[in-house]
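Each remark here refers to the structure printed beneath this line.
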Amino acid sequence: MPEGHLIHRYAREQHAALAGAVLTLTSPQGRFDPAPYVGRTLQAVEAYGKHLLYHFDDSPALHVHLGMRGLWLRYDDPGVPPRKGVRLRLATGVVAYDLIAPIRCEPLSGDGERALRASLGPDPLRADADPDEAVRRLAAAGGPVGAAVLDQSVWAGIGNAWRAELLFLARLDPEARRVGAQSARRLWELAAHYLALGRDAGQVVSDPNAPDERWVYKRAACRRCGAPVRRWELGSRTAYACPVDQPAARPA
């Protein structure tokens, strides 16, 4: 699933390319009705966690969630015919974006948008995120920290790859259940820093000196110490941890 860093990357690029333009919207697949947006100017593209919001003049927000397999394809020649499976095409005279395989592509009323925002925790990549609220939510979450950080109502935008790498950097075992304010703040600061690197690079970056490498995620051995990486199911996803750098007995 595309995680928050890629959603923010899409939003930044599309805002720069499309905001201020009257877009041509089509649905080659036929599963989206673009009528509410015909002739409307796109004012802004916004990312919140794993969600994209497109704000048009006098129209409901357009909500996109990519899910596990969704993606946007960019064409610098808007005359390129879209694939049959394209849910939505956004186009100007100079660029087109094709949306493929999202789990959500829908208009959101004002109430719907407010409900979406209320359902999400702080996003480490948003300028309006409140670090104190992020610390409070994580410290108050029940259960293992590795499950809590995947809960989008606790923090928005963290997925499985970031969970593994950020908990490694914070030296927290994913099963830790007593994450205090100090550890929660440290983890938040790491998330804000590294997700920004990932957004700019277009990939998970947990080591700026080796941006294509991971510490524990999908590795057989820890890249720092060489210990066999632990793997188990946690929060319906595979968890990864180093038994040396993330000892289970370490206080949180």
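The values are calculated or read from the model by the stated rules, or taken from the named source; none is laboratory data. Please read all numbers here as calculations on a predicted model, not as lab measurements. Note that we place each Cβ from the backbone using ideal geometry, even for glycine, and neighbour counts take in every protein chain shown. Areas reflect the complete protein model, heavy atoms only, side chains present, ligands, DNA and RNA absent. Shrake-Rupley method; radii C 1.70, N 1.55, O 1.52, S 1.80 Å.
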message: Could you tell me how many cubic angstrom of Cα convex hull volume the stretch 28-80 has per residue?
response: 124 Å³
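Given contacts defined as C-alpha pairs under 8 Å and at least six residues apart, what's the relative contact order of the stretch 50-120, whole-number percent? Kindly include the intermediate steps, with their values, before the conclusion.
Values: 115 pairs, mean separation 24.5, N = 71.
After rounding, I find 35 percent.
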message: Loop-only trypsin sites (Lys or Arg not before Pro) in the stretch 1-102, please: DSSP not H, G, I, E or B, and at most 10 other Cβ atoms within 10 Å.
response: LYS84
query: Carbon and sulfur: what percent of the stretch 154-252's accessible surface (1.4 Å probe)?
result: 48 percent
- prompt: All other residues with a Cβ under 13 Å from the Cβ of PRO60 taken together, and with Lys, Arg as +1 and Asp, Glu as -1, what is their net charge?
  reply: -4
task: Would you mind working out the accessible area per residue for the stretch 50-126, using a 1.4 Å probe, and quoting it in Å²?
output: 44 Å²
task: Provide the three semi-axes, in whole Å and in decreasing order, of the ellipsoid equivalent to the stretch 1-133 as defined by the square roots of 5 times the Cα gyration tensor eigenvalues.
output: 24, 16, 15
- request: For the stretch 85-147, list log₁₀ I(q)/I(0) at each q in 0.13, 0.17 Å⁻¹, using the Debye formula over Cα point scatterers of equal strength and ignoring solvent, two decimals each.
  value: -0.65, -0.88
statement: A correct Kirkwood calculation over the Cα atoms of the chain returns a hydrodynamic radius in Å of 19.3 Å
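Tell me, what is the per residue accessible area of the stretch 136-186 in Å², probe radius 1.4 Å? List each step's numbers first, then the result.
Values: 1850 Å² over 51 residues.
Counting only protein heavy atoms, the per-residue value for the stretch 136-186 is 36 Å².
How charged is the neighbourhood of PRO78? Take every other residue with its Cβ under 11 Å from the Cβ of PRO78, and add Lys/Arg as +1 and Asp/Glu as -1. Kindly include the intermediate steps, with their values, before the conclusion.
Numbers: positive: ARG74, ARG89; negative: ASP76, ASP77, ASP98.
For residues surrounding PRO78, the net value is -1.
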query: Over the chain, what is the relative contact order in whole percent, taking alpha-carbon pairs under 8 Å and six or more residues apart?
result: 17 percent
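How do the peptides 109-121, 210-222 rank, highest first, by the average count of neighbouring beta carbon atoms within 10 Å per residue?
In descending order of packing, they fall as 210-222, 109-121.
Net charge within 11 Å of PRO28 by Cβ-Cβ distance, Lys/Arg positive one each and Asp/Glu negative one each, not counting PRO28 itself?
+4
If you average the sequence gap of Cα pairs under 8 Å that are 6 or more apart and divide by the length of the stretch 80-147, what percent do you get for the contact order? Working shown, then result.
Numbers: 34 pairs, mean separation 11.0, N = 68.
Relative contact order, the stretch 80-147: 16 percent.
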